[in-house]
Amino acid sequence: FVLGRSTAVQELVMLISSGDDIGTAAAAETLCLAASNEQGRALLAPVIESGTLDALLDSPNARARSAAASAIAKLGVASKALDTNSSDTDRLLNTAMLLLKGAEDVEQQEGKKLDAAAAAEDQANSARVTTERAVEVIAALITKSAVKDEIAHGSGRCTQALPRLCAACKDGRSAVAYGLAHIFASLTV
């Protein structure tokens, strides 16, 4: 495990603080992957204590934001630390909703930009990954009654939650399908 090296976590934090978009996104993805298993989570203590994951939620880079939100949701679920009334829960839900909206906006623009095929393909891939992460975060939060009520009945930040989640269903074979099935099953219970 690469993060087990003595300076690997500090190097990721330095890469994130460098401001480089690609480096920040790659480092955030690495942190997200580390949050997926017990050994990786044990290595993330300095990242959590330094506030790096929280800072990534405010990043202008959508991939970094989505990876950070996913990592925080995974860590919260693993530690059972995400309370229904937690500000972290509110912040994660807000981030997921903004990511869904951003991915939707990119997909709408994709149809207008046919002249730059490579850039459009990269944006489409980024929108797909962002949607996957947003759905992953919502799937982790949907067990909270307040989140369920907010998505089902609407609120200031979730007025378009159901239509956006339904729009993400267009490909039932994608990685998003399982998370959406979980979300919709939880909403109906």
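The values are calculated or read from the model by the stated rules, or taken from the named source; none is laboratory data. Note that the structure is predicted; figures quoted are calculated from it, not measured. Surface areas here come from the heavy atoms of the whole protein model, side chains and all, with no ligands, DNA or RNA. Shrake-Rupley method; radii C 1.70, N 1.55, O 1.52, S 1.80 Å.
Counting residues in region 1-56 as N, plug N into 2.2 N^0.38 Å and put the Cα Rg over that result.
Values: Rg = 10.2 Å, N = 56, 2.2 N^0.38 = 10.2 Å.
Region 1-56 yields a ratio of 1.01.
Find the accessible area per residue for region 10-51; the probe is 1.4 Å, ligands and nucleic acids are left out, and the unit is Å². Don't skip to the end; give the middle numbers.
Numbers: 2320 Å² over 42 residues.
Value returned for region 10-51: 55 Å² of accessible area per residue.
May I ask which of 101/170; 148/170; 74/144 have a Cα-Cα span longer than 20 Å here? Spell out each step's value before the answer.
Values: 101/170 16 Å; 148/170 22 Å; 74/144 15 Å.
Beyond 20 Å between Cα atoms: 148/170.
Provide the gained length on full extension for the span residue 77 to residue 153, in nm with one decimal, where the gain is 0.36 nm per separating residue minus the Cα-Cα distance. Walk me through the numbers before you get to the answer.
Details: separation 76, 0.36 × 76 = 27.36 nm, distance 2.41 nm.
So the extension gain works out to 25.0 nm.
Got a number for the accessible area of residue 130? Probe 1.4 Å, square angstrom, nearest 10.
Roughly 10 Å² of residue 130 is accessible to a 1.4 Å probe.
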